[in-house]
1. Restricted to region 13-34, and to residues that are of a type in the set (D, E, K, R) and not in a strand (DSSP E or B), which residue is farthest from K163 (Cα to Cα)?
2. Only one residue in A75, A65, A4 is modelled with pLDDT of 95 or more and under 13 Å from A109 (Cα atoms). Which one?
3. State all residues of region 1-38 that are surrounded by fewer than 17 Cβ atoms within 10 Å (Cβ to Cβ) and touching a Phe, Trp or Tyr at 6+ places or on another chain (Cβ under 6 Å); if no residue qualifies, say none.
4. Among the residues of region 2-12, is there at least one that is among the polar types (S, T, N, Q), touching a residue at least 40 places away in the same chain (Cβ under 8 Å) and either assigned by TED's automatic domain parsing to the domain that holds R95 or part of a helix (DSSP H, G or I) (or both)?
Amino acid sequence: MRVAVSAVGQSLDSQVDPRFGRCSYFIIVDTETMKYDVIPNESQYMPSGAGIQAAQRVVNSGVGAVLTGNVGPNAFQALSAAGIEIFTGAYGTVRDAVEQFKKGLLRKASSPIRGGFGMGMGRGMGGGRGMRRMGGMISPPAPMPQLAPPVSPPPLSKDEEIKLLERQMEDLERRLNEIKRRLKELGSKR
């Protein structure tokens with residue numbers, strides 16, 4: 001199966017970006033061969049609609065699932081309408097997220113996570129207190145939906161954590177070397 005993983009970099013050793021619509025890249029991975037392609041997320045800096053535009057790019061890539069930290073309601077709707085499964089709670093590197101997916105450790109999202117409740121005073125009869133007028137009477141507010149508690153990632157074994165930290169260290173070393181090389185090209189004295 002081909003999956004799209006939201007990422008901060010362009011390799012399997014890049015960290016998962018927890019933001020779907022505003023991630024830097026989508027790494028499209030074949031879960032059987034681990035071969036991958038990189039799609040830059042050109043909509044990440046859009047003032048609005050980034051999630052929908054990012055979802056369209058992912059839909060066009062022909063994946064069957066998305067692995068990410070969180071996904072907003074508009075992107076969720078666009079991906080779901082295209083028949084793409086959405087798995088949230090991914091963390092670590094892209095490679096780690098694919099392994100989590102293959103082991104069934106990621107949550108399949110059944111609805112988008114919506115955050116926050118408005119604190120405005122409202123213009124209706126309830127003055128922002130959740131009251132609504134019904135047939136000349138003011139009715140009490142509807143009960144608030146219960147949000148599922150956040151799910152913590154499963155604890156890693158000592159060996160898994162060592163491998164994760166070593167891959168993160170290698171990625172940081174690689175990035176630091178790229179920065180040093182670029183500074184040298186620009187004539188920096190560092």
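1. Here is the first cut: in region 13-34, the ones of a type in the set (D, E, K, R) are 13, 17, 19, 22, 30, 32.
Filter once more, keeping what is not in a strand (DSSP E or B): 13, 17, 22, 32.
Numbers: D13: 11, D17: 19, R22: 28, E32: 21 Å.
By that ranking, first place goes to R22.
2. After applying the criteria, what remains is A65.
3. Q10, V38
4. Kept after step one, since they are among the polar types (S, T, N, Q), are these residues of region 2-12: 6, 10-11.
Applying the additional criterion that residues be touching a residue at least 40 places away in the same chain (Cβ under 8 Å) yields 6, 11.
Those still in the list that are either assigned by TED's automatic domain parsing to the domain that holds R95 or part of a helix (DSSP H, G or I) (or both) too: 6, 11.
So far as region 2-12 goes, yes, one or more of its residues are among the polar types (S, T, N, Q), touching a residue at least 40 places away in the same chain (Cβ under 8 Å) and either assigned by TED's automatic domain parsing to the domain that holds R95 or part of a helix (DSSP H, G or I) (or both).
The values are calculated or read from the model by the stated rules, or taken from the named source; none is laboratory data. From a predicted model like this one, the values you see are computed outputs, not experimental measurements. A quick note on method: Cβ atoms are made from the backbone with ideal geometry, for glycine too, and the neighbour counts reach across all protein chains shown.
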